[in-house]
Amino acid sequence: MKTESKPARTEKKGTKQNVYYGQVQPNPILKQFVQCHWVVRAESRTLPTLDHGVIPGGYVDIVFNVGDRIYMSDSGGIWVDRARGFVAGPFDRLRRFRAEGQFEFLGVRFHLGRVPFFSSLSLGDVRNRTVLLDAVLEDQGLRGELQALERRLAQVSGTAQRIAYVERFLMKFLRYGKEPDAVVTRALSLIEESKGQISVEALSSALSVSDRQLERKFTQHVGLSPKALCRVTRFQQVKSLLENTREPSGCDLASASESLSIEAHDLTSIQQPCSLSARRSSHTCPSS
């Protein structure tokens, strides 16, 4: 099991806080729809209540809260208890939530256009939202399996063991899996190849479909419109530049801010995978 870890250390008025982020490659059987597993946690000697933020990435994740209770202020003000699972995204804007005490997430990131468990729910219904996982599972058997998984996650602390339990659960989705939509798959490739610098009209023309047909397919299978995904893709290009630049210029920040209407001072915090923004006292977490 290959893990990529990126620790970041921050200090705030007498509070020493370490923030860790790591990615783990999935079981080969799951790679057809799982991009990676990820873990992010914050440890501190004094644990204040802090706002955290999720940088836009356009992906859909299943996330298990394996830390203390969190408050999803951007999703109708719902509380998520320890070990509960929820669906996050896709996000095309900065989202915020609040953690009480110990903060730790275990996430499963899906490939764009390859989310297996939304057989009837349009991904557009969870755009820029977090929804409890048991609310979107239609199969009663899977709901029972989810409850058993959440109980196990509450009882163990090791990342490897937690991921093993989650992967056993994900294996049950394989029988619900459908072939990805061919038009969406090709459109995603064109957006990636152009780094988001392609118009909806050019996409539709290349795929021999109407703008409206393409929009409907993206709403169902991706959750973002083609135009929104292009904006996110351009933002991610600038984000990558900022992460590799010690002192980003004002032009860099303005370019990223313009892509998604994010305030430039929020963007300074994305130079670490999960970092503390001194101005907002908030963490920005892996792109979703």
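Read-outs: derived from the displayed coordinates by stated rules, not from any lab. Please read all numbers here as calculations on a predicted model, not as lab measurements. Please note: Cβ atoms are built from the backbone with ideal geometry, for glycine as well, and neighbour counts cover all protein chains shown.
When each of His221, His37 is scored by the number of other beta-carbon atoms lying within 10 Å, the sequence from fewest to most is His221, His37. Residue pairs exceeding 28 angstrom between C-alpha atoms, taken from Lys31/Lys217; Lys31/Lys239; Lys178/Lys239; Lys172/Lys195: Lys178/Lys239; Lys172/Lys195. Peptides 181-188, 225-232 ranked from most to least packed, by the mean per-residue count of other Cβ atoms within 10 Å: 225-232, 181-188. With a Förster radius of 35 Å, plug the Cβ-Cβ distance of Lys31 and Glu201 into 1/(1 + (r/R0)^6) and report the FRET value to the nearest 0.05. With a Förster radius of 35 Å, E is 0.55. With the convex hull drawn around the C-alpha atoms of region 84-157, the volume per residue stands at 112 Å³.
Extension gain, Ser120 to Gln147: 0.36 nm times the residue separation minus the Cα-Cα distance gives 7.6 nm. Given R0 = 30 Å, the distance between the Cβ atoms of Ala182 and Asn244 translates into a calculated FRET efficiency of 0.30.
Sorting the segments 148-158, 209-219, 124-134 by their mean number of nearby beta carbons within 10 angstrom, highest to lowest, gives 124-134, 209-219, 148-158.
Highest mean packing comes first when the peptides 196-206, 20-30 are listed by Cβ atoms within 10 Å, giving 20-30, 196-206. Would any residue of region 145-173 have its amide N under 18 Å from a label point 7 Å out along Cα→Cβ of Gln102? List them or say none. Taking a point 7 Å out along Cα→Cβ of Gln102, the residues of region 145-173 whose backbone N falls under 18 Å are 150-163. In terms of other Cβ atoms within 10 Å, Arg143, Arg96, Arg84 run from fewest to most in the order Arg143, Arg96, Arg84.
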